[in-house]
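Asks: Here it is: the structure, laid out below.
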Amino acid sequence: MPEVAPVPLSQLTTLRTGGEPARLVEAHTADELISALREAWSVGEPWFVLGGGSNLFVGDEPFDGTVIRVRTSGIEELPGSRSETVRLRVQAGHDWDALVAETVARGYAGIEAMSGIPGTVGAAPVQNVGAYGQEIVQTLVEVEVIDEATGEVSTVPAPELGLGFRTSVLKQHYGSVPERSAVILSVTLELERVGTDERPIAGEQLRGALGLEADQAVSLRWIRDHVLATRARKGMVLDAEDPDTWSAGSFFQNAIVSEAFARTLPEACPKWPMGPALDAVTVIPLAAFDGILPPPPVENRQVKVSAAWLIENAGLSRGFRFPRSRAGLSTKHTLALTNRGEATAAEIAQLARFVQQRVQSEFGLLLQPEPVLVNVEL
Ligand SMILES: Cc1cc2nc3c(=O)[nH]c(=O)nc-3n(C[C@H](O)[C@H](O)[C@H](O)COP(=O)(O)OP(=O)(O)OC[C@H]3O[C@@H](n4cnc5c(N)ncnc54)[C@H](O)[C@@H]3O)c2cc1C
């Protein structure tokens, strides 16, 4: 097993927190990854896989187990299911943004709006990464995984991964274990061959974010450049010189609440209904109709509400931090909790709890963290 000298996880995570693991393994090939996992599972100690460390919040205490860093890479081009499409099978440790850059250069559309998301390709399906109206679920065909329960490798079609808003059956949400304990070895995407010319862009959210008219034609390259610039203005592209980017991205998820609860929130709070508001139709056979109409079905629609708005309107502005704390809200984006330099996980957790408490006492809902928490509690 390619074991290396352990280093504190604060050096391998973008939020820059985390104690030292007992063992650190770096897997550079799929075979190394498989054997490292099987060995860790046979010992029965705590373990987790680490990609780019950009969606992790790790506690200060040493991690008493094995961390397996996925460092595989490579893109294999395969025929698409139609003549206008192409499939790419990509190794899990491949850098996500390097993949996006490559697809843009080759003229393949489907993930260009997700330019600048840090991390690895293998972690992207874990929380169904997304930005500006694109999510990996739209292009993901299948993943190759190894399951902890069996130690076996299999190919899993995307519809079996339970991909939803920043979630999948593989994600460890705060306070719960993943539905399926498995590690992604490779990811297969299906993309459209559109070339490098300009063309009108589908997707209102992307056009809105980039200030494009409905019929305005732009190239994939143009989209990538403008997404990167827009994200950089919000501190959402990693920059070793800019502490506003020393984060795990959005620390809190937009809250999913019932339509009835959403109505109790102020009018100004941005809300996005999830799923269509179709009235269910009940058909009563004539022979069974006794002249009494049943009451209309109670609609149970869910609504996504803006966590950034809730935080700002709970009285916390950009750049907020406690006196003497080295953790603070980003000065560019209230949703990002940032490490202003040498902050401990305890300092980040103190800030996170305060944000949760403020929002809960103001609006009555508890914001849930988006990153995976290891060795730390909120
Ligand atoms: C500045 C910034 C901006 C961000 N912007 C966005 C954004 O716009 N949209 C978005 O969706 N996310 C965003 N994120 C979050 C993050 O980049 C993504 O979730 C990314 O996919 C995490 O990849 P990673 O390799 O860094 O995962 P890690 O942080 O290393 O791991 C995250 C979780 O996935 C697991 N994991 C990692 N690799 C695998 C694997 N091969 N198989 C199974 N499990 C695995 C880990 O064990 C862990 O539980 C942002 C983060 C930062 C810091």
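Asks: Obtain the nm distance between the two label points defined at residue 215 and residue 78 by a simple spin-label model: each point lies 7 Å from its Cα along the Cα-to-C-beta direction.
Replies: 4.1 nm
Asks: Still on this structure, please answer the following. Between region 90-112 and region 53-78, what's the alpha-carbon centroid distance in Å?
Replies: 19 Å
Asks: Quick query: amide H of residue 65 versus all other amide H atoms, modeled in the peptide plane; which residues come in under 5 Å with a sequence gap of 5 or more or a different chain?
Replies: Those lying under 5 Å, H to H, from residue 65 are 22, 23.
Asks: Figure the gain on full extension for residue 174 and residue 317 (residue separation times 0.36 nm, minus the Cα-Cα span) and round it to one decimal in nm.
Replies: Value of the extension gain: 49.0 nm.
Asks: So for the pair residue 205, residue 264, with labels modelled 7 Å out along Cα→Cβ, what separation do we get in nm?
Replies: Result for the modelled spin labels: 2.7 nm.
Asks: Enumerate the calculated ³J(HN,Hα) couplings along region 127-139 in order (Karplus 6.51 cos²θ - 1.76 cosθ + 1.60, θ = phi - 60°), each rounded to whole Hz, writing x wherever the residue is Gly or Pro.
Replies: Whole-Hz 3J(HN,Hα) from phi for region 127-139: 10, 6, 4, x, 6, 6, x, 9, 9, 5, 4, 6, 10.
Asks: Normalising by the residue count of the chain, find the relative contact order in percent from Cα pairs under 8 Å and 6+ residues apart.
Replies: It rounds to 16 percent for the chain.
Asks: Hey, another quick one. Given charges of +1 on the Cβ of Lys and Arg and -1 on the Cβ of Asp and Glu, with all other atoms neutral, how large is the dipole of the chain about its Cα centre, in debye to the nearest 20?
Replies: 1080 debye
Asks: Next question. Among 237, 310, 65, which residue has its Cα furthest toward the positive end of the charge dipole of the chain, with +1 on Lys/Arg Cβ and -1 on Asp/Glu Cβ?
Replies: So the residue we want is 310.
Asks: List the lysines whose Cα sits under 20 Å from the Cα of residue 304, skipping any in the same chain fewer than 8 residues away.
Replies: Within the straight-line limit of under 20 Å, residue 304 reaches these lysines: 171, 271.
Asks: A follow-up question, please. Rank the residues 103, 344 as a footprinting-exposure proxy: fewest other Cβ atoms within 10 Å of their Cβ go first.
Replies: Fewest to most other Cβ atoms nearby, the residues stand as 344, 103.
Asks: Which FRET efficiency, nearest 0.05, do residue 160 and residue 302 yield, Cβ-Cβ r, R0 25 Å?
Replies: So, using R0 = 25 Å, E works out to roughly 0.65.
Asks: Considering the dipole of region 75-233 built from charges on the beta carbon (Lys and Arg +1, Asp and Glu -1) around the Cα centre, which of 114, 156, 143 is farthest to its positive end?
Replies: With unit charges placed on the Cβ atoms, the residue in question is 114.
Asks: Still on this structure, I have one more. As an exercise, identify the chymotrypsin sites (Phe, Trp or Tyr not before Pro) in region 279-376 lying in DSSP coil whose Cβ has no more than 16 other Cβ atoms within 10 Å.
Replies: Here the chymotrypsin sites (Phe, Trp or Tyr not before Pro) that fit, given the DSSP loop and packing criteria, are 289.
Asks: May I pose another question? Among residues other than residue 188 whose Cβ falls under 12 Å from its Cβ, what is the net charge (Lys/Arg +1, Asp/Glu -1)?
Replies: Every neighbour counted, the sum reads -3.
Asks: Follow-up question, since we're still on this one. For each of 306, 154, 115, count neighbouring Cβ atoms within 10 Å of the residue's Cβ, then give the residues from fewest to most.
Replies: 154, 306, 115
Asks: For residue 45, what charge total do you get from the other residues with a beta carbon under 14 Å from its beta carbon, if Lys and Arg give +1 and Asp and Glu give -1?
Replies: -2
Asks: Taking the Cα-to-Cβ direction at residue 22 and at residue 287 and moving 7 Å from each Cα, how far apart do the two end points lie in nm?
Replies: Taking the simple label geometry, residue 22 and residue 287 are separated by 6.9 nm.
Asks: Cα-based Rg of the chain per 2.2 N^0.38 Å, rounded to two decimals?
Replies: Rg over 2.2 N^0.38 Å, computed on Cα atoms: 1.07.
Asks: Within 10 Å of each candidate Cβ there may be at most 14 other Cβ atoms; applying that plus a DSSP loop requirement, which trypsin sites (Lys or Arg not before Pro) in region 24-90 survive?
Replies: 82
Asks: Follow-up. Quick one: if the Förster radius is 41 Å, what FRET efficiency do residue 181 and residue 105 give, using the C-beta to C-beta distance and rounding to 0.05?
Replies: Here the calculated transfer efficiency is 0.70.
Asks: A follow-up question, please. Taking every pair of alpha-carbon atoms in region 3-70, give the share separated by more than 14 Å as a whole percent.
Replies: Tail of the P(r) past 14 Å holds 54 percent of the pairs.
Asks: Quick one: Cα centre-to-centre distance for region 133-159 and region 200-261, in angstrom?
Replies: Result: 25 Å between the Cα centres.
Asks: Using the Cα centre of the chain as origin and beta-carbon charges of +1 (Lys, Arg) and -1 (Asp, Glu), tell me which of 41, 205, 25 is placed farthest towards the positive end of the dipole.
Replies: 205
Asks: Relative contact order for region 75-233 using alpha-carbon pairs under 8 Å, separation at least 6, rounded to a whole percent?
Replies: 27 percent
Asks: Could you pull out every residue, at least 5 positions away or on a different chain, whose amide H is within less than 5 Å of the one on residue 179? Hs are placed 1.01 Å off N in the peptide plane, and Pro or chain starts have none.
Replies: HN-HN under 5 Å from residue 179: 171.
Asks: May I pose another question? Rounded to the nearest 5, what is the percent of antiparallel bridges among the DSSP beta bridges in the chain?
Replies: Antiparallel bridges: around 80 percent, rounded to the nearest 5.
Asks: What area, in nm² and to one decimal, does the C-alpha convex hull of region 213-263 cast on average over all directions?
Replies: Over every viewing direction, the Cα hull of region 213-263 projects on average to 6.4 nm².
Asks: Of all trypsin sites (Lys or Arg not before Pro) in region 294-365, which ones are in loop regions per DSSP and have a Cβ with at most 11 other Cβ atoms within 10 Å?
Replies: Of the trypsin sites (Lys or Arg not before Pro), the ones in loops of region 294-365 whose Cβ has at most 11 other Cβ atoms within 10 Å are 324.
Asks: Once amide H atoms are placed 1.01 Å from N in the peptide plane, what residues at a sequence separation of 5 or more from residue 252, or on another chain, have their amide H within under 5 Å of its amide H?
Replies: 370
Asks: Now a separate question. Using the Karplus equation 6.51 cos²θ - 1.76 cosθ + 1.60 (θ = phi - 60°), what ³J(HN,Hα) coupling, rounded to whole Hz, does each residue of region 353-365 give in order, writing x for Gly and Pro?
Replies: So the J values, rounded to whole Hz, are 5, 5, 4, 4, 5, 4, 5, 5, 6, 7, 10, x, 9.
None of the figures in this text is laboratory data; all of them are computed from the coordinates on show. Since we're looking at a predicted model, the values are computed, not measured. Every residue, glycine as well, gets a Cβ built from its backbone with ideal geometry; the counts of neighbours run over all protein chains shown.
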